[in-house]
Amino acid sequence: MSDYLQERVFAPIGIENLSWDVQGGSGFLGPHTNAHTGVHVSGRELARFGYLMLHDGVWEGQPLIPRWWIELATQTSQDLNPSYGYTWWVNTRDTRWPGIPRDVFALEGFRTNRCYVVPSLDLVVARVASGPPRPGSDLPADWDEQRFLERILAAIVPHEEGAHGH
């Protein structure tokens, strides 16, 4: 999978330093990459991928990801968890991030690595971090994703005087 994506998606959009953990081998299934874990990427490169998704899978006029797949993957995929599409977290029913635009979708990785795409605002937000601090750290341990998004939107979206919320 990593070789396929590197050739078909990552290289064409300029992602050069992505690495992907290899699993298995040594007499077991593999070695192989896992679709939902083990990707190491910079914030800039993660933002490039978000930008590709924001533009319906098209990069410099070249379609790299089918638009139908992006539309399908970024919508609620089932009723058990209406905040999940296909590999993307979604807000289509205003359940993941209440009050945030319903068209936002996001990749959520290990230790609070994130890539948010908000088509209605032509916005991509990439966050590469070491995650919420561990017990005993001097840093606050309360990662609040809702507040994180609200503060970003408040900083960039003009508000009418006297208006509250988003």
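Quick note: the coordinates plus some simple rules give every number you see, no bench work behind them. Here the structure is a predicted model, which is why all the values come from computation and not from measurement. All Cβ positions, glycine included, derive from the backbone under ideal geometry; neighbour counts span all protein chains shown.
So how do 92-99, 39-46 stack up, highest first, on mean other-Cβ count within 10 Å? Display every interim value, and only then the final one.
Details: 92-99: 15.9, 39-46: 17.5.
Ranked from most to least packed, the peptides come out as 39-46, 92-99.
So what is the relative contact order for the stretch 1-93, in percent, with contacts set as C-alpha pairs under 8 Å and at least six apart? Provide the component values of the computation, followed by the final result.
Details: 109 pairs, mean separation 17.1, N = 93.
RCO, the stretch 1-93: 18 percent.
Taking K and R as +1 and D and E as -1, what net charge do the other residues with C-beta under 15 Å from the C-beta of VAL41 add up to?
Working: positive: ARG44, ARG48, ARG111, ARG114, ARG127; negative: GLU16, ASP21, GLU45, GLU108.
So the surrounding residues net to +1.
Can you give the net charge of the other residues whose Cβ lies under 14 Å from the Cβ of ALA11, counting K and R as +1 and D and E as -1? If you can, show how the numbers build up before the last one.
On the way: positive: ARG8, ARG48; negative: ASP3, GLU7, GLU16, GLU45, GLU60.
So the environment of ALA11 carries a net charge of -3.
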